Amino acid sequence: MEDSALDDTAALVKAAAGGDADAWRGLYQRFSGLVWAVSRAYLPVAADAQDVAQTTWFRFAEHLTRLRDPERAGAWLAATAKNEALRVIRTSGRAIPVSDVALIGFDVDERSPELLLLEAEEEIEEAERAQQVWDAFQELSERCRLLLRVLIAEPRPSYQEVASGLGIAVGSIGPMRGRCLKRLGTLVERRGVSGRPE
């Protein structure tokens, strides 16, 4: 993250601590994707991740006036989301994997039966392909799954925020990401998954 963005974050934290609602909204818009991604990376059940995200923002509000490094608010939020998620895992004693692949349904419309059938077959093929990729993703190590989930958060987190959220060194994120993607590619290829149809 550039120095100007760090200065801007520090200014937003200071303004939010002083009661500026627009500054609070700005912080939320900037970091809500990161908080959600870290929460969801550890907790496959969306409701649990949502609870952790809300708790993280509550803790942030509690500590807003006491942050030692306000420019590192994103890293603080990421680390807090991680700790809250781990607390949920410890206290619930469960981690239930869920599939992200949706069920396919048919809508009644004016298209011809042939076109509906063709589109349905394409959707089924796409869902099967997505399921194969998801299955391959599930075979990755937990560390790889966590990293890849957090790296796709919007807006994209800085490496410092990722490092804080996952407890890994900043310098190892890029190489680890490369190894994880290569492994995922191998697992997908092994399943014979072809590219997206034209």
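Roughly how many nanometres apart are two label points built 7 Å out from the Cα toward the Cβ at residue 190 and residue 141?
My value for the distance between the label points is 1.5 nm.
How would 48, 135 line up by accessible area, probe 1.4 Å, largest first?
Values: 48 25, 135 60 Å².
Of 48, 135, the descending order of accessible area is 135, 48.
Which loop trypsin sites (Lys or Arg not before Pro) in segment 23-87, with loop taken from DSSP, have no more than 10 other Cβ atoms within 10 angstrom of their Cβ?
Listed in order of number, the matching sites are 68.
Distance in nm between label sites at residue 123 and residue 172, each 7 Å beyond Cα in the beta-carbon direction?
Modelled inter-label distance: 4.4 nm.
The values are calculated or read from the model by the stated rules, or taken from the named source; none is laboratory data. Keep in mind it's a predicted model, so treat the numbers as computed, not measured. When we count neighbours, we look across all protein chains shown, and the Cβ atoms used for this are built from the backbone with ideal geometry, even at glycine. Note: accessible area is taken over every heavy atom of the protein model, side chains too, but ligands, DNA and RNA are not part of it. Shrake-Rupley method; radii C 1.70, N 1.55, O 1.52, S 1.80 Å.
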